[in-house]
Structures are given as C-alpha cells and as structure tokens.
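This report refers to the structure that appears directly beneath it.
The values are calculated or read from the model by the stated rules, or taken from the named source; none is laboratory data. Nothing here was measured: the structure is a model prediction, and the numbers come from that model. FYI the Cβ positions are ideal-geometry reconstructions off the backbone, even for glycines, and counts take in every protein chain you see. Heavy atoms of the whole protein, side chains included, go into the accessibility calculation; ligands, DNA and RNA do not. Shrake-Rupley method; radii C 1.70, N 1.55, O 1.52, S 1.80 Å.
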Amino acid sequence: MWAMLQGRSNRATYWTLFAVLAGLFLLARVLGVTPPGLGELALVMLAVPRLHDLGLTGWLVAMPIAGEIVFVGLLIRANVPVEAMLEAIGLLVVAILAMLVVLGSVPGNRAANRFGEPPAPGSGLLPKRQRR
C-alpha cells in the first residue's frame with residue numbers, strides 16, 4: 001500500500017481511477033455493502049499521487065478528513081438536531097467533492113519534482129505497446 005502513495009499520477013489516470021471507484025461504490029451501495037472507512041481510504045490513495053504531481057505533499061489530504069472529524073464533533077457537542085447535522089455533513093461532502101474536482105483539473109508539473117519524474121501521457125493503467 002505504501003508504494004501506491006509514492007510517485008506521481010497524471011490527470012488521465014486520476015479521472016480513470018475516480019470513475020472506477022465511483023462505479024464500485026455505486027455498486028456497493030446498490031448491493032447494500034458499504035464497509036466503513038473504505039471510501040476515505042480509496043480517496044486518499046487516489047489523491048496523494050495527484051498531489052505529488054502538483055509538487056505538493058500528500059499530507060494535505062489529512063486536512064479535509066481532520067476537518068470533517070472536528071466539524072462532526074462540534075455538531076454533536078452543540079446538540080445540533082440530527083436533520084441539521086445531516087445537512088451540514090452533506091455540505092461538507094460537497095465541498096470535499098469540489099476539492100477532488102479541482103485536484104483532477106489542475107495540470108501537474110511538467111518537470112521532475114521531489115516526488116519523481118513526470119508521469120507518462122495517458123491513463124498509466126495499462127502497459128504501453130512497444131513499437132516495432
């Protein structure tokens with residue numbers, strides 16, 4: 001797992017994996033199988049190499065996760081009604097999704113950075129065909 005959090009990932013790879021993950025989670029919801037925390041782990045593993053491509057540390061993904069935990073804790077402590085809490089959490093989820101869209105929209109560094117060489121063009125999921 002550690003190797004998946006190293007290196008860089010271009011936008012094509014990011015969006016391809018994002019679509020695959022969205023499909024898998026939609027299928028899991030339909031089947032009624034939603035392991036807790038798996039979605040967050042998948043998004044972290046998707047976002048870290050993309051942040052590296054931008055020259056940023058992968059630890060930045062901890063900010064929305066920590067913010068979500070603190071936010072929910074404050075809502076609970078303030079005795080906010082469940083309906084209002086769910087609305088607030090929904091807005092927070094929309095904000096995190098917006099951050100994921102921005103992350104997938106910004107072009108990466110064209111030159112090498114501290115996380116390695118720029119990724120090859122294309123999705124990077126399948127091996128490239130060798131030319132003869």
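Annotations
- Taking the C-alpha atoms only, the angle from helix 38-53 to the longest principal axis of the chain is near 40 degrees.
- Folded to 0 to 90 degrees: helix 62-77 orientation relative to the chain principal axis, Cα: 10
- Using alpha-carbon coordinates, inclination of helix 11-31 to the longest axis of the chain, degrees: 40
- Computed FRET value (nearest 0.05) for LEU97 with LEU27, which takes r as the C-beta separation and R₀ as 30 Å: 0.95
- Per-residue accessible area (protein heavy atoms, 1.4 Å probe) orders ARG77, ARG110, ARG8 as ARG110, ARG77, ARG8, starting from the largest.
- Scaling against 2.2 N^0.38 Å puts the C-alpha radius of gyration of segment 33-102 at 1.25.
- Per atom type, the chain shows carbon and sulfur on 70% of its accessible surface, probed at 1.4 Å.
- Distance cut-off 17 Å, percentage of C-alpha pairs in segment 8-47 lying past it: 31
- Protein heavy-atom accessible surface, 1.4 Å probe, per residue over the chain: 72 Å².
- Reciprocal of mean inverse Cα separation for the chain (Kirkwood radius, Å): 16.6
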